[in-house]
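Quick note: the coordinates plus some simple rules give every number you see, no bench work behind them. Everything quoted here is computed from the prediction, not taken from an experiment. Here the Cβ positions follow ideal geometry from the backbone for every residue, glycine too, while neighbour counts run over all protein chains shown.
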Amino acid sequence: MTPRTGGRKLCGADELVFYDITASFEERTIFTDILKKTAERVFIPLTVGGGINTLDDFARVLACGADITEDSADKRSLAGIFLSYQAPVEVPGVPLYSYLRTITQKRPELKMTARKFRARVGEIAEQLDMDSSFITRELNVGFSGGEKKKIEMLQLLLLQPKLAILDETDSGLDVDALSVVSRGIEAYRASCDGALLIITHNTRILERLSVDHTHVMVRGRLVAEGPGSLIDDIDAHGFEQFEVAAQAAGA
Amino acid sequence: MSEKTQKRTQVADVDRSLYDFIYSEEGYERYDDGLTPDIVRAISAKKDEPEWMLNMRLAALETYHTKEMAPNWGPSIAGLDMDHISTYVSPKTKQAKSWDDVPDDIKNTFERLGIPEAERESLAGVGAQYDSEIVYHNMREEVSKEGVVYTTIEDALHDPQWEPVVRKYFGTLIPPADHKFAALHYAVWSGGSFVYVPEGVTVAYPLQSYFRLNAEGAGQFEHTLIIVEKGADLHFIEGCSAPKYYEANLHAGAVELFVKDGARLRYSTIENWSKNMYNLNTKRARVAADAKMEWVSGSFGSHVSYLYPTTILQGDRSSCEFTGITFAGATQDLDTGCKVILNGANTTASVDTKSISKDGGCNTFRSSVVIGRHAQNARASVSCQSLMLDDISRSDTIPAMDVRNATASVGHEATIGRISDDTVLYLMSRGCSEAEARTMVVGGFANPVSKELPLEYAVEMNNLIKLEMEGAIG
C-alpha cells in the first residue's frame, strides 16, 4: 500500500487515501478511526444508527481520498466515483434511454456511436435480466424497488467508474433481484478494474463476492476490521458483539 | 437606435441570439403608424377584396374604436401603444411556390429556423408567413389530389369556388365584436391559412404554417380558417418564432376551426414570441356530433399573453382534448388556459396543462368549463400542473366551472411544485451539471406535451426549453 497525499487520480482502492476528514456525527468526528487504519479495499457493514447517514457523508470521505472534497457531485462522478442510491429518485418524463445516453456522453473515455451504445445497453440489460421494455420507460418512474436497483447496476456497468459506492443497494430486494444485483457487482469487478465500497446491513449480497476487507461500524465508529472472512464471523455471531465493543469504546 | 425607440423600450430582454436575427426591411411597404379607415381601405384595395370583406373591415374598425381598451383582469397591456403600431407590412415578393424563388434574406431566416428540413421531412405543405404576407407556400400533390385545399384566405377570396365558403364561415365563430382585439383583427387582418378538407378525407401528413414577425412595431393579424368536413381527419401545425425588437409588438390573430360530424382535427401550436410581444390571440373551434378536437399548445416567449383556445362541443358525443404548456421567464406575464363549452349530450372534455415559471416570470392558468342545460351526461376534467423554478416567480390557477345540468360530471385538480434537491443531486451524481440536471427535469415535465408533437416540433420545443433554462443557474 502506498499512501498518497493528494492528487486527483484514483487508480483502484489501493491508492485510495483518506485524510483531512471533517465529517462529524453528533459533533464527534467520525471516520477518523477508519482513516487511520484504512487505505485498502473496504467493506463496511453498518448497523442502523451508524455514523454514515447519508451519501453526502460518504461522498465527503471519498472525495478526500481523491482530493476533490470541494467539488460538486457531478465533478466527483466524472472523476470516476459512482454512488448508488438506496432509493433512486424518480424523474418523470425523462426517458431512461436518452438519460443513459446523456450521462455516457458526459465521459469522453466512453465515446461510442449510437449503434454501439444501443448494443452495449442491450448487452448489460440482458446480463441483468432486464426486460427490453425497461428502456422505453421513464427514469425510475413506476419501477419496483428491485427494478430501480437494476437500473442502478445498469448505470454502474455503463459508466465503468473507478470507485463504486453501493449504499444499501440490497435493501428491499427479494432473492431473485438480489442475485441479479450481485451478478451486476461481479460483472463490474470483472470488467472494470475498479474498487467497490459496499454498505450493507446484510451479508447476503456478499455471498458471491470475494471481499478483500471488512470494516464494522457502529454509530459512526469503526469497531472492527479484518479480512473478508470477518463476514463469516458476522454471519455466525451477528452484530451484537460489535455493539458491545462499541459501548466499551464509548461510542 | 433613435431616442423615440429607446423611450418605448418596454422590456429588458434576455439573450436569445439563436432566434434573434433581423434582416433589413429595405423595399418593404409599410403604412402609417395610426389606424384609420383609409388604412383599412388601402389594405383591402391592395388585396383586391370583395366588397363584403371591405365592409366587414370598416365595421370592425368602428367596433374597435368603441370597445374598451383593457380588460379589468389579467396582465397589464398598458405598454401597448396602438397609435404607434404600424399595422401592415408587406414583403416585396409575391408568393413563391418553390423554395428557390424565395429571396435570400427571407430564406436565411427560415433556414435558421429549420423550415426547409421540416418541409422535406414528411410534411405535406408549407405556408410560411414572413411579416404579413405569405411568401412561401407549397403543398404536396397527393394532398391536393384528394381535394384538400390549403391556401391563403386572400387566394380563396379570389377563387369563385371558395369565396362563398370563406364568406359563409369567416368571422362567424369569433365575431368582430368579441373583444377589442378581435375587432382590430377583422379591421386589418392579413395573411394566414385557409384549409378545406372534403368529407371522408384523411390527410396523411400534418399541414404546417410558420408565422414570424419581422418588422419593428408591426402587428401580426393573420387569420386561420379551417373546415374539416364530415368524417375527415386533419392535423394542422402552427409554429411561431419571432426575433427580438425594442418596441412593443402586437400579435392579434384569429383561428376559426369548424369540425363537422365525425371528423377529427388536431391543431398543434408552438409559439415562441420575442419577449416584447403582446400576444392577444383568439382561437376557437366548433365541434359537431361525434367529432373530436385536439389542441396541443406550447407557449414560449412574449411579454404578455392572453390566450385561451376555446372549444364549443355543440354536437352530441363530441369531445375535445387540450394539452398545453407555457413557460414564463423574466419580464413575462402569461395568462393562458382554455375554455370548453359543452352543449351536446354525452360530450367529453379533457384539459391537461402545465406551466413553468422562472426568474420572476408569472403564469396564470385560467380555465372555464361551461356545461349547458342540455348537455346530459357531459364529462369534463381539468388538470393543471405548475413548476416553479425559484422563489421570485409566480404561478396562479383560476379554474371556473359553470354547470347547468345535474347529470354532468366535472373534475379539477391542480398541483404546484418545484424541482427537488434530491432529484438534482441524483442526476449530478451521474455526471450532469446542476444546470443540465435542472434542464433535464424541466424537459421531463414538458415531455407529455412534446410527445404529442411531431418529431421536428418536439425537438424545437426541447431546444426552446434548453434556451430558456440557460442562465438559470447563478
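Summary of computed values
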item: Selection from B:Ser429, B:Pro448, B:Ala458, by position along the positive dipole direction of region B:422-474 (Cβ); result: B:Ser429
item: Förster radius 25 Å - calculated FRET efficiency between A:Glu186 and B:Asp421 (Cβ-Cβ, nearest 0.05); result: 0.15
item: Modelled FRET efficiency - R0 51 Å, A:Ala87 with B:Thr66, Cβ distances, 0.05 increments; result: 0.20
item: Packing-based ranking, highest mean first, of B:294-301, B:397-404 given that Cβ atoms within 10 Å are counted; result: B:294-301, B:397-404
item: Principal axis box of region A:107-214, alpha-carbon based, largest edge first, Å; result: 40, 31, 18
item: Residue mean of other protein chain beta carbons inside 10 Å, A:91-97; result: 6
item: Distribution of pairwise C-alpha distances over region B:422-474, 5 Å bins, in %; result: 5, 22, 26, 21, 16, 9, 2
item: Which of A:Val180, A:Val244, B:Val259 has the fewest Cβ neighbours within 10 Å, and the rest in rising order; result: A:Val244, A:Val180, B:Val259
item: Estimated distance in nm for a label pair at A:Gln247 and A:Lys111, the labels positioned 7 Å out from Cα along Cα-to-Cβ; result: 6.0 nm
item: When each of B:Lys180/B:Lys358; B:Lys283/B:Lys451; A:Lys111/B:Lys466; A:Lys162/B:Lys451; B:Lys46/B:Lys292; A:Lys116/A:Lys162 is checked by Cα-Cα distance, pairs over 27 Å; result: B:Lys180/B:Lys358; A:Lys162/B:Lys451; B:Lys46/B:Lys292
item: Distance in nm between pseudo-label sites at B:His374 and B:Ala59 (7 Å out along the Cβ direction from Cα); result: 2.6 nm
item: Among B:356-368, A:95-107, the order from most to least packed when residues are scored by Cβ within 10 Å on average; result: B:356-368, A:95-107
item: Within 10 Å of each Cβ in B:440-446, the average number of Cβ atoms from other chains; result: 5
item: Net charge of neighbours whose Cβ lies under 9 Å from the Cβ of A:Asp170, counting Lys and Arg as +1 and Asp and Glu as -1; result: +1
item: Residue-span extension gain [B:Thr172 to B:Arg394] - 0.36 nm each, minus C-alpha spacing; result: 76.3 nm
item: Volume of the Cα convex hull of region B:283-420, divided per residue and given in Å³; result: 83 Å³
item: Pairs of alpha carbons in region B:369-474 whose separation is greater than 20 Å (percent); result: 57 percent
item: Cα→Cβ-extended label distance, 7 Å offset, between A:Ser171 and B:His158, nm; result: 7.4 nm
